[in-house]
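Below you'll find the structure, written out as structure tokens, and then a few comments.
The values are calculated or read from the model by the stated rules, or taken from the named source; none is laboratory data. All values derive from a computational prediction rather than experimental measurement. Here the Cβ is made from the backbone with ideal geometry for all residues, glycine too, and neighbour counts use every protein chain on show.
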Amino acid sequence: MVDRLLSADEKSAVTVLEVRADNIFVTEGAMMPYAIVENMAQTCAAHLGYADVYVHGHTGVRVGYIGSVKRMRIEAAPRVGETLRTRIEVVADFGDMKLVTAESFLDDRRIAVAELTIALPGENIGL
């Protein structure tokens, strides 16, 4: 649910996803709302993997889970052929829990926003 990690640092990341007709979350030419949540979560995963390896120098990445989704608003469904750009920012870090804000865009138009809590139980996948 992420095609490319465009940028990342210790606290944020930006990804893109081209909406294709063969995506399992596409129905009648548009992404289903829960696909945007999944894209936000996968952007968090890409960020956490980047931070674990390139910021913290770990030899593996942690497995994370969505703990909660709050204040979610979706204003539009991405259509086949459009590119969804998602930005996340870690606003609080409690070790095994991260509070993240997420925004998704089509071009410069913000179409979705949410707060996610990501749980990191400590499992590690080696590289």
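Among the numbered conditions (1) over 12 Å from LEU116 (Cα atoms); (2) more than 14 Å from the chain's Cα centre (by Cα), tell me where ARG71 comes up short.
Result: ARG71 fails condition (1) only.
Which residues, counting only those in region 1-10, are surrounded by fewer than 21 Cβ atoms within 10 Å (Cβ to Cβ) and in a loop (DSSP other than H, G, I, E, B)?
VAL2, ASP3, ASP9, GLU10
Looking at region 1-20 only, could you name the residues that are farther than 19 Å from MET32 by Cβ and of a type in the set (D, E, K, R)?
ARG4, ASP9, GLU10, LYS11
Are there any pairs with C-beta distances below 6 angstrom linking a residue in region 42-66 that is hydrophobic (A, V, I, L, M, F, W, C) and surrounded by fewer than 19 Cβ atoms within 10 Å (Cβ to Cβ) to a residue that is at pLDDT 85 or above and part of a helix (DSSP H, G or I), with the two at least 6 apart or on different chains, and if so which?
Partner pairs satisfying both residue conditions: ILE66/ALA41.
If you check ARG73 against the conditions, is it of a type outside the set (Ser, Thr, Tyr) and loosely packed, with under 12 Cβ neighbours inside 10 Å?
Judged against the criteria, ARG73 is a match.
Evaluate the following for SER7: is it in contact (Cβ under 8 Å) with a residue 60 or more places away in the chain and of a type outside the set (D, E, K, R)?
On the way: in contact (Cβ under 8 Å) with a residue 60 or more places away in the chain: no; of a type outside the set (D, E, K, R): yes.
Against the criterion (in contact (Cβ under 8 Å) with a residue 60 or more places away in the chain and of a type outside the set (D, E, K, R)), SER7 does not qualify.
How many residues are out of contact with any Gly (no Cβ under 9 Å at 6 or more places or on another chain) and either among the hydroxyl-bearing types (Ser, Thr, Tyr) or not in a strand (DSSP E or B) (or both) if we restrict to region 50-71?
Summing the residues that are out of contact with any Gly (no Cβ under 9 Å at 6 or more places or on another chain) and either among the hydroxyl-bearing types (Ser, Thr, Tyr) or not in a strand (DSSP E or B) (or both) in region 50-71 gives 10.
Counting only residues that are in contact (Cβ under 8 Å) with a residue 60 or more places away in the chain, within 23 Å of LYS70 (Cα to Cα) and assigned to a loop (DSSP other than H, G, I, E, B), how many does region 11-41 have?
Looking only at that region, the number is 1.
State which residue is modelled with the lowest pLDDT when the search covers only region 82-93 and only residues that are surrounded by fewer than 16 Cβ atoms within 10 Å (Cβ to Cβ) and out of contact with any Lys or Arg (no Cβ under 8 Å at 6 or more places or on another chain).
Out of the qualifying residues, it is ASP93.
Give the residues of region 68-93 that are touching a helix residue (DSSP H, G or I) at 6+ places or on another chain (Cβ under 8 Å) and within 23 Å of GLU18 (Cα to Cα), sorted by residue number.
Selection gives MET72, ILE74, ALA77, PRO78, LEU84, THR86, ARG87, ILE88.
From the set of residues in region 94-109 that are surrounded by 10 or more Cβ atoms within 10 Å (Cβ to Cβ) and within 16 Å of VAL19 (Cα to Cα), which is farthest from the chain's Cα centre (by Cα)?
Within region 94-109, the match that is farthest from the chain's Cα centre (by Cα) is LEU106.
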